[in-house]
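Read the structure below first, then the notes.
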Amino acid sequence: MQANPDLIAGEFDTLIASMTVEEKVALVSGRHMWKTAEIARLGIPSIIMTDGTYGVRYSIDQIDGDQPGGQDFAAFLSVVNQKANGVQVAFGAINSATCFPNGSSVACSWDVGLMHEMGAALGKECQELGVGLLLGPGINIRRTPLGGRSYEYYSEDPLLTGDLAAGLINGLQGQGVGASLKHFACNNSEIERTSMDSLVEERALREIYLRGFERAIGQSNPWTVMTSYNVLNGVQAAENPWLLGDVLRDDWGYDGLVVSDWHGIKDRPASLNAGNDLDMPESGKRKQDLITAIEAGTVSAETLDLSVRRVLELVRKALINSRKGEKFDRATHHALARRIAGESIVLLKNDGVLPLDPNASLKIAVIGGGAEEPVIQGSGCATTLPTQVDAPLAEIRKLAGVNLDIRAYQGFSEDLSLAADLADEAVEAAKSADIVLIFGTTEVGYDGEGSDRRNLSLAPGQDGLIAEIARLNPRTVVVLSNPDAITMPWLDDVAAVVETFFSGQGMGGGVADVLFGAVNPSGKLTVTFPRKLGDVPGFLSYPGENRRHIYGEGIFVGYRGYDARETEPLFPFGFGLSYTDFTYSDIALDKTELRSGDSVTVSFTLTNTGARAGKEVAQLYVERSGQRHATPPRELKGFAKVALAAGESQRVTITVPVDDLRVYDTSLGCWVLDNGAIALKVGASSRDLALSAEANCVAAEGRYRPILRDTQPIFMLNNPPARRVFRQFLEARLNVSEREAEGMLEHCTNSFIGLFTTFERRFRIQFSEDDIERVLADIEQAVAEDARVQA
Ligand code: BGC
């Protein structure tokens, strides 16, 4: 079909004016599972969208075969509900594509440039397949390690999440393919995921759960944002005017398209009114509901046209950027997947056994089916059919010298009739080996979308066997594939732990590179590993009941909660080892008086004091205390990944906008910078901060809490402009001197009763309603004036 020139030129007015209501409704309702509607009469073609977050899943029957509803719903459920390693069974005919490291893996690179490279590669694969919109990245906060989709998501920290997502989106969209930043917002668990109400107080929303979206949108302007399945504070996310209107559009100025999650809309007219432009996938019922609402006037013509315009703009961008037919190079993308895996692996423990010397003369027992058939991804809609898979065992053999005697053993099996024999065989082999490499994995069936994990253990039988082998052979190295944090009951007895999370089709090569030191590990954790499940800050309120999930820990998510309660983690946020050593020295700030609108640059010297080249993720945190708002002991405010040759030093700078130090004041309904001293700390992890510099935040706005009629007197007395107004009021009203009025104020410092009642009872003054309202208005004005002068 020849696309309408007005569409290509972005001249939508005449196009919209010539559409029928049915055509408009079709356009905001999608076509089948993966397309926007085509309106041939007007030269508006469909565009194709598909998952996912770390690879392109192109379903041939559904897209090329244009499979209609019913059939496609069954296929959709089989994909979403399929369990790991069932890829071939679940997908039917699907195009292969590079399976890159999953979100929880690649995030450990802390490397925005690498995210950009991965995004660009995904974009090229989409171009080959004719996909105009990729349904990713997914960036919900990993509030609990049990969350089924944790493997797709990046971190428990919003700053890191937002910056990494922006890198990926910029890379992807740089190739002319749109991103869909998802799932907006608070889809942090799979339990009853379309009906559970995430009950989250606004400060936690603004500072934690929405902040990553806000940062990513600010830095990369994704073509689309996808609403989440859950209810948020009583209103379905896809129908939530506060979330989609007040926050996304008004506060953040987002002007792209909002698309629903698949069948995530329950009330289509409400969703359109709230600003969810595109309803996916196509549903005859929801289309009819919308037509009826338009006829009844409960959805206005303007609202419909605005969403139509946004769909047209999406279609236009996809069309003008399309390079269908372009080929991506499989080998190059596989090599990239391997490199990213290597950069993202986190070395959690090493008593010196690693790196292995390829030229040594040693007997190595490799245990676990994961060595030959690695678990490289989670399950669900993101699952990708890889173009090839590196098996760790084969890659280890490729890098090993001739004197390494490497033998493999199955070790574990979920088939209980085999388990005991396999374990015995592995134990025997481990006894006589110089080094044992054990590949551990989490439970199949609880590794992805549709269900949360049941515990933090490895798959049944694995923790026990690892513990037994480690007791017999102290040179045991554990290599892990898991979606999110696990507990490690055997940690003290093993020599090394290599954490890969789910690191995609290049995992085997990446692991071999790290084991032999061809790659010096530089990944760092983007979540805290707890010692036990009960230590997770949200533990007590998870997973909710009776359709209500109260996020009781508020802003104290992840390390913020562990730090506040002084809970010792198994591994802290930001932790990861290297084969070399780094030292931090000579911190300096470019300014120490910090004002809103400015930025502060922190510089320090990073030195590689070891004998190998390596990369370090240097992290900058702010610590505050005694300020007006309660804050976590420390929060990440910046980071830098720095490559240094052995012995090399570099001066590193990290610049932080002072506005990033603000907190969200729910009583004032805005972000405020708290006055007072802060420390900017730099180091290797959230619990290892070698450098510290002091600064002072100077703020005028938001310095005081609002004074209401039942505010305790002390808050008015500690607020100079409010105190002045109130004192002048007493002087005039009671005909007393300034000194007498001050004396009266001082008498009321210890009252816990509201302001006006206190003065009424203490001094037997009658306040009229007019008096009260006037004084409160005068106070508000005086406080605002004071802020203006101070600024
Ligand atoms: C998932 C989305 C995905 C969509 C389409 C939903 O079940 O939550 O992340 O993009 O399906 O497959």
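So, in Å, what gap is there between the alpha-carbon centers of segment 459-479 and segment 168-217?
Segment 459-479 and segment 168-217 have Cα centres spaced 38 Å from each other.
Pop out the ³J(HN,Hα) list for segment 25-37 in order, Karplus 6.51 cos²θ - 1.76 cosθ + 1.60 with θ = phi - 60°, rounded to Hz; leave Gly and Pro as x.
So the J values, rounded to whole Hz, are 5, 4, 5, 8, 10, x, 10, 6, 8, 10, 9, 8, 6.
Note the full-extension length gain between residue 590 and residue 455 as 0.36 nm times their separation in residues minus their Cα-Cα distance, in nm to one decimal.
Full extension from residue 590 to residue 455 adds 43.9 nm.
Between residue 444 and residue 766, how many nm apart are label points set 7 Å from Cα along the C-beta direction?
8.3 nm
Would you mind computing, in nm to one decimal, how far apart the modelled labels at residue 531 and residue 428 are, each placed 7 Å from Cα along Cα→Cβ?
So the label points at residue 531 and residue 428 sit 3.9 nm apart.
What FRET efficiency would be calculated for the residue pair residue 740, residue 598, taking the C-beta separation as r and a Förster radius of 56 Å, to the nearest 0.05?
After rounding to 0.05, the efficiency reads 0.80.
For a Förster distance of 30 Å, can you work out the FRET efficiency between the beta-carbons of residue 728 and residue 666, rounded to the nearest 0.05?
Efficiency, rounded to the nearest 0.05: 0.50.
Quote the relative contact order of segment 470-586 in percent (integer), defining contacts as alpha-carbon pairs under 8 Å separated by 6+ residues.
25 percent
With every atom except the alpha carbons ignored, what do you get for Rg and Dmax of segment 103-258, in angstroms?
Final numbers for Rg and Dmax: 14.6, 44 Å.
Within segment 279-307, find all residues whose amide N lies under 20 Å from a label point positioned 7 Å from the Cα of residue 17 along Cα-to-beta-carbon.
Only 301-307 fall inside the zone, counting backbone N under 20 Å.
Using modelled amide H (1.01 Å from N, peptide plane; none on Pro or chain starts), what sits under 5 Å from the amide H of residue 438, excluding residues fewer than 5 places away?
Hits under the 5 Å cutoff: 367, 477, 478, 479.
I'd like the FRET efficiency for residue 774 and residue 675, computed as 1/(1 + (r/R0)^6) with the beta carbon distance as r and R0 of 30 Å, rounded to 0.05.
Step by step, r from the Cβ atoms, then E = 0.55.
Restricting the calculation to Cα positions, tell me the Rg (one decimal) and the Dmax (whole number) of segment 582-697 in Å.
Cα-based Rg and Dmax for segment 582-697 come out at 15.4, 54 Å.
Only Cα pairs under 8 Å and at least 6 apart count here; give the relative contact order of segment 1-54 as a rounded whole percent.
For segment 1-54, the relative contact order is 32 percent.
Compute the orientation-averaged projected area for segment 713-790 from the convex hull of its Cα atoms and round it to one decimal in nm².
Directional mean of the projected Cα hull area for segment 713-790 stands at 4.9 nm².
Report ³J(HN,Hα) in whole Hz for each residue of segment 557-568, in order, from the Karplus equation J = 6.51 cos²θ - 1.76 cosθ + 1.60 where θ = phi - 60°; Gly and Pro get x.
Coupling constants for segment 557-568: 8, x, 4, 4, x, 4, 5, 5, 9, 6, 8, 7 Hz.
Could you give me D for the chain, from Stokes-Einstein at 37 °C and 0.692 mPa s, where the hydrodynamic radius is the Kirkwood radius over C-alpha pairs? Units µm² s⁻¹, please.
After rounding, the answer is 115 µm²/s.
How would you classify segment 265-391 from its alpha-carbon gyration tensor, with a ≥ b ≥ c the square roots of the eigenvalues: rounded for a/c under 1.5, else prolate if a/b is greater than b/c, otherwise oblate?
Prolate, since a/c reaches 1.5 and a/b exceeds b/c.
Whole angstrom only: what separates the Cα centroid of segment 604-637 from the Cα centroid of segment 295-341?
Using only Cα atoms, the two centres lie 37 Å from each other.
Each residue of segment 409-424 in order: what ³J(HN,Hα) in whole Hz does its phi give by Karplus 6.51 cos²θ - 1.76 cosθ + 1.60, θ = phi - 60°, with x for Gly and Pro?
9, 5, x, 10, 7, 7, 7, 4, 6, 9, 3, 5, 5, 5, 5, 4
Averaging the inverse of every distinct alpha carbon separation and then flipping it gives the Kirkwood radius. What is it for segment 330-564, in angstrom units?
Roughly 18.7 Å, rounded to one decimal.
Computed over the Cα atoms of segment 451-586, what is the ratio Rg over Rh, Rh following Kirkwood?
Reported Rg/Rh, Kirkwood definition of Rh: 1.00.
Each value in this text was obtained by applying a stated rule to the coordinates, not by laboratory testing. Worth saying up front: this structure is predicted, and the values here are computed from it rather than measured. Note: ideal-geometry Cβ built from the backbone for every residue, glycine included; neighbour counts use all protein chains shown.
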